[in-house]
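Heads up, the thing below is written out as structure tokens.
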Amino acid sequence: MPSLADKTCVPCKGGVPPLKGEELRKLLQHVPEWKAINEHHITRAYTFPDFQKALDFVNRVAAAVAAFDPS
């Protein structure tokens, strides 16, 4: 299996079944900090030493998302 970092994201276009079972477990091995919840969605907890560091992180994530937002 190629590295997740080498893959290209392709948005779902409907009719594509979600990853489940062994296929999902194999991919999660590449991102051990992430957890699948009921094979429905993934989640990860982040901790920061203080509020300012947490806010800096949120702002960096927002800037990255905005860079890919087509609207």
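The values are calculated or read from the model by the stated rules, or taken from the named source; none is laboratory data. Quick caveat, the model's predicted, so the values are computed rather than measured. Methodologically, a virtual Cβ is constructed for each residue, glycine included, from the backbone with ideal geometry; neighbour enumeration extends over all protein chains shown. Side chains included, ligands, DNA and RNA excluded: accessible areas come from the protein's heavy atoms. Shrake-Rupley method; radii C 1.70, N 1.55, O 1.52, S 1.80 Å.
For the reader, a short list of remarks on this structure follows.
- Placing R0 at 25 angstrom, the Cβ-Cβ distance between D6 and T43 gives a FRET efficiency of 0.55 after rounding to 0.05.
- Computed from Cα positions, the angle between helix 51-68 and the longest principal axis of the chain comes to roughly 50 degrees.
- Rough spin-label spacing in nm, given labels placed 7 Å along Cα→Cβ, for A63 and L19: 2.9
- Among the protein heavy atoms of the chain, carbon and sulfur supply 62% of the accessible surface, probe 1.4 Å, non-protein parts ignored.
- Remark: relative contact order (the range 15-71) = 18 percent; criterion is Cα-Cα distance under 8 angstrom and separation of 6 or more residues.
- Value at 222 nm in deg cm²/dmol, rounded to 500, when DSSP H runs of n ≥ 4 in the chain each add -39,500 (n - 2.57): -11500 deg cm²/dmol
- Computed lengthening from W34 to F51, 0.36 nm per intervening residue step minus Cα-Cα distance: 3.9 nm
- Counting only the Cα atoms, the chain fills a convex hull of 143 Å³ per residue.
- Candidate lysines - alpha carbon under 22 Å from K20, same-chain residues fewer than 8 apart omitted: K7, K35
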